[in-house]
Each structure stands twice: as structure tokens, then as C-alpha cells.
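Computed from the coordinates by the stated procedures, all read-outs in this text should not be read as laboratory data. All values reported here derive from a predicted model rather than from experimental measurement. Using ideal geometry, Cβ is built from the backbone for each residue, glycine included, and neighbour counts are taken over all protein chains shown.
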Amino acid sequence: MSTLLYDGAAVLTRQLQKARHAPALLILTQTMPITMLLFFGYVFGSALAMPGTEYREFLLPGLLAATAANGLMAGMFTAAQDVHRGVTDRFRTLPMSRTAVPLGQTAADLLTTGVSMVPLMLVGLAMGWRIETGLPGALGALGVLLLFRFATAWVGTYLGLLSRSEEAAGQLGGATFVLPMLSGAYLPTAGLPGWLRTVAEWNPISAVATAVRELCGNAGAQAGSGAAWPVAHPVAGALLWSVVLLVVFVPPATRRFGRGGA
């Protein structure tokens, strides 16, 4: 265990140094959610009437959940880049734990995500969003978001290790942008047609977004009658989705890294 933690910390440091010397992706991931918050909040917000809540109060937790889900894209990019530039092969030749490399990469992504969420929340506070449940609710919401980001980063890492080229990983990663659109991140799911509502409510992002709204005491957290279980019980649903993703994808990602052959 000590070897795993030591090696993982070394990889984490390498990833943070890499981000410091090439900050373009980090800046993009920080500014895009803020741009979407301003655009959707002021352009669409004036046209959307939501009973009992301001749209911007509903929107910000959804954007935080979408940011957490972007671990899928970030993990895919990082793993594919290292695989196809020979970095992963060099790691495999070193006397280090095979779990340490993907663990260090996902842990570094978790740290940068925690930092990138701060400006988004500050802009949201300036726009009128509030955490009504105080510090316990805020910490609970942050914990749910970071756990989900950690889980999606492992999913992305596995897919990146399977990728045939950086370009293919980039195309697949870009396609993940549609996932928050098919969820309750930006609009309530209760008004969707039957089959689409089912798809949206079983999307893990819906559970995470609704959990953040509930933990922060924001209006609009109610799922409505007939909601699917993960949205009707959002905190439990978000935690369960995160655990399931970790259980399903951590072992094969670790084996794929150790076996090579990408």
C-alpha cells in the first residue's frame, strides 16, 4: 500500500507539472462552464419560467454536475495521449505499482477539478445562487461532485487506454458533450416525453445534479411524481452510480495499463 501511495503521488506530481506547463486545457475547462452559465442563465433564463425557482438557481448545480461528468473526456484525453506518445510504455518499464499510474492521473484530475469549480461557484453566487443549507450541505455537495468526477475519470482512462489514436479519443471525448443534454442538468425531466424522461432520469448526471440541488437546499430539487429511483432518491442515486462506475471500470483500466497492447 505504501508503494502504491508513493508511486501514485509521483505520477500525480508529474500530471500537475504537466498541467502547469501546458495550462490551455485547464483554462478551457474553467472558462467553458462559466460561459455557459452566463449564456444560459441570462439568455435562456429570461425565457424559461420555472414554478418556485429562478432558472439560474436550477442551472448552476446542473453545470457543476456536467463539470464532474467531464472527467470522462479528461481521462480519455490524458490516457490516450500518454499511450500514443510512448509515455505509458516507459511507465511500464519502471519498478512501480501498475495501479499507481492511472490512480495518480485520476487523482491529479480530481485536484484540478476542485480548483476549477471555485470560479464557477463564485460567479454563481454573484448571479444570485445560494447554498441554503450552510457548510454541511456545501461539503456534502462537493463530496458528491468530486466522487462522481473521480469515477468518470476512471471510465475515461479505460476508454483512452483502448483508443487506437489520439484523434479517435478526441472525437469520442467530444461526443460526450451531449450527455448532460440528455439529463436533468439544464432542464427538469418531469416535462419530457415518457421514453426520453426515462433515459434522462437514468443518466447518472441527473442524479448528481439533483443531489447537489437537494444538498444545497435549492428549489427545483424535487423530481416530480413518477420519477425514476436515482432521481427520486438523488443523494443515494449519485453515490450508487459513482460506486458502480468505480467497481466496473477500475479493475479493467488497471489490467489494461499493465498488459499494454493499445
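Size descriptors for region 117-262: radius of gyration and Dmax over Cα atoms are 16.9, 51 Å.
In percent, what relative contact order does the chain have, based on Cα pairs under 8 Å that are 6 or more apart in sequence?
After rounding, I find 27 percent.
With both labels modelled 7 Å from their Cα along Cα-to-Cβ, the W202 to A236 distance reads 1.9 nm.
Remark: relative contact order (region 58-187) = 57 percent; criterion is Cα-Cα distance under 8 angstrom and separation of 6 or more residues.
By the beta-carbon count within 10 Å of each Cβ, the least crowded to most crowded order of W129, W229, W154, fewest first, is W229, W129, W154. The ellipsoid equivalent to the alpha-carbon distribution of the chain has semi-axes of 33, 19, 17 angstrom, derived from the gyration tensor eigenvalues as √(5λ) and listed largest first.
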